[in-house]
1. Tell me the helices (runs of 4 or more DSSP H) entirely within the range 1-101 that contain at least 1 residues that are within 30 Å of SER111 (Cβ to Cβ) and open to solvent by 40 Å² or more (accessible area, probe 1.4 Å).
2. Given PHE53, PHE73, PHE18, which one is more than 22 Å from LEU98 (Cα to Cα) and within 17 Å of the chain's Cα centre (by Cα)?
Amino acid sequence: MLLALSPVIASLFYSLVFPSDPYYLTWLDGLTYASLLMLMIGAILLVRNGRFFYGFIDSCKRFLRSLRKKESFIREQEGRRADAVYQQKAWSPTPFLLVGFFYFLLSLALSILSIS
C-alpha cells in the first residue's frame, strides 16, 4: 500500500518544495519524477537479482584467494570448502516496475490532456 502511494506523496512534496503558478503542472512533474525513480529502483533490483555481475565478482574472489597461500593451506587443513554459499534475501522488482509504469503512464496521459 505504501509502495503504491509513494509516488503520489513524493509528487505532493515536490509541488510544495517547488511551487509554481499552475499547481497541477508542478504536481504532474513531481509524479513523473517519482515514477521514473520507481522504474529505476525496479531496474536496479532486476539487474541485482539476475546476478548480472556475479561472474566478475566470483572471478576476482577466486583470483585473490589463489594469491593468499596461507588461507588456502588453512582451508585444506580444516577441510572447508573454498566457496561459502550465503542465501541473500532478494526483493522482487515487479512491484516497483508495475507502480512505476502505472504512474508514468498516468502522468503522461494527464500531461497530454492538460495541453489542450
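1. Because the criterion is at least 1 residues that are within 30 Å of SER111 (Cβ to Cβ) and open to solvent by 40 Å² or more (accessible area, probe 1.4 Å), the helices (runs of 4 or more DSSP H) in the range 1-101 that meet it are 2-17, 23-49.
2. After ruling out the rest, the residue left standing is PHE53.
The values are calculated or read from the model by the stated rules, or taken from the named source; none is laboratory data. Keep in mind it's a predicted model, so treat the numbers as computed, not measured. Neighbour counts are summed over all protein chains in view; Cβ atoms, including those assigned to glycine, are modelled from backbone coordinates with ideal geometry. Please note that ligands, DNA and RNA were not included when accessible areas were found on the heavy atoms of the full protein model with its side chains. Shrake-Rupley method; radii C 1.70, N 1.55, O 1.52, S 1.80 Å.
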